[in-house]
Amino acid sequence: MKNRKNVIHLLLLVLCVMTIGYAAFGTNLTVNGNANISSNWDVEITGITVKEIHGTASNGSAPIYSKTSASFNSLLTSPGDYIVYEVTVKNGGSIDARLDSMEISDEKNPAINFIIDGIQEDDVLNSSEEKKFTVKVAYNEDITSQPGVIDSSLAINLNYVQK
């Protein structure tokens, strides 16, 4: 009988230890935390300068730019005249950018040609990087008589997206 009592006490003790162990390992674990995003987007045209003038071409007025848009006003006098502008685009943000598209509005005057060089769609502009490209405004050399329309405008809008 005494052995039987000892066995019962031992079983009760084991049961208590198992219950306490289960309770210790069966508790809920709660983890709390915070996360912040500290990136910024800042892609913009930072300057336009006249790089080259040929013939009697001149800058009618200073090029106008804001953020990712630019427009040009050039004076061309005779066939073969041209003026080349250098445009600087900077990624001052912390996110790499990709040129998704360029919107170019040009009145398609056959006497005036616009040539954009050094930039194209899908070009990547990494964070803190600067890129320069050129815009050439030229009086068409093949024009043999004074055109009826003597002006044309060019506007460029650069559409950058997150890389």
Looking across segment 36-57 at residues that are loosely packed, with under 14 Cβ neighbours inside 10 Å and within 21 Å of A111 (Cα to Cα), the single one that is farthest from the chain's Cα centre (by Cα) is T56
Taking segment 129-152 and keeping residues at pLDDT below 95 and either out of contact with any strand residue (DSSP E or B) (no Cβ under 7 Å at 6 or more places or on another chain) or closer than 18 Å to G93 by Cβ (or both) leaves E141, D142, I143, T144, S145, Q146, P147, G148, V149, I150, D151
Filtering segment 108-121 down to residues that are touching a strand residue (DSSP E or B) at 6+ places or on another chain (Cβ under 8 Å) and not in a strand (DSSP E or B) yields A111, G118, I119, Q120, E121
When every residue in segment 96-114 that is at pLDDT 95 or above and aliphatic (A, V, I, L, M) is compared, the one farthest from L125 (Cα to Cα) is L99
Reported set for segment 105-163 where residues are of a type in the set (G, A, S), more than 19 Å from S71 (Cα to Cα) and either surrounded by 12 or more Cβ atoms within 10 Å (Cβ to Cβ) or within 19 Å of the chain's Cα centre (by Cα) (or both) is S127, S128
Listed by first then second residue, the pairs whose first member lies in segment 115-137 and is farther than 18 Å from D81 by Cβ, whose partner is hydroxyl-bearing (S, T, Y) and in a loop (DSSP other than H, G, I, E, B), with beta carbons under 7 Å and at least 6 positions apart or on separate chains, are S127/S94
Flagged pairs (Cβ under 8 angstrom, 6 or more apart or on separate chains; first in segment 52-76, over 19 Å from D117 (Cβ atoms); second surrounded by 16 or more Cβ atoms within 10 Å (Cβ to Cβ) and aromatic (F, W, Y)) are G55/Y82; G55/Y139
Taking segment 74-102 and keeping residues of a type in the set (A, V, I, L, M, F, W, C), part of a strand (DSSP E or B) and under 15 Å from G55 (Cα atoms) leaves L75, I83, V84
G80 - would you say it is surrounded by 15 or more Cβ atoms within 10 Å (Cβ to Cβ) and on the phi > 0 side of the Ramachandran plot?
yes
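The values are calculated or read from the model by the stated rules, or taken from the named source; none is laboratory data. Since this is a predicted model, take the numbers as computed values, not measurements. Note: ideal-geometry Cβ built from the backbone for every residue, glycine included; neighbour counts use all protein chains shown.
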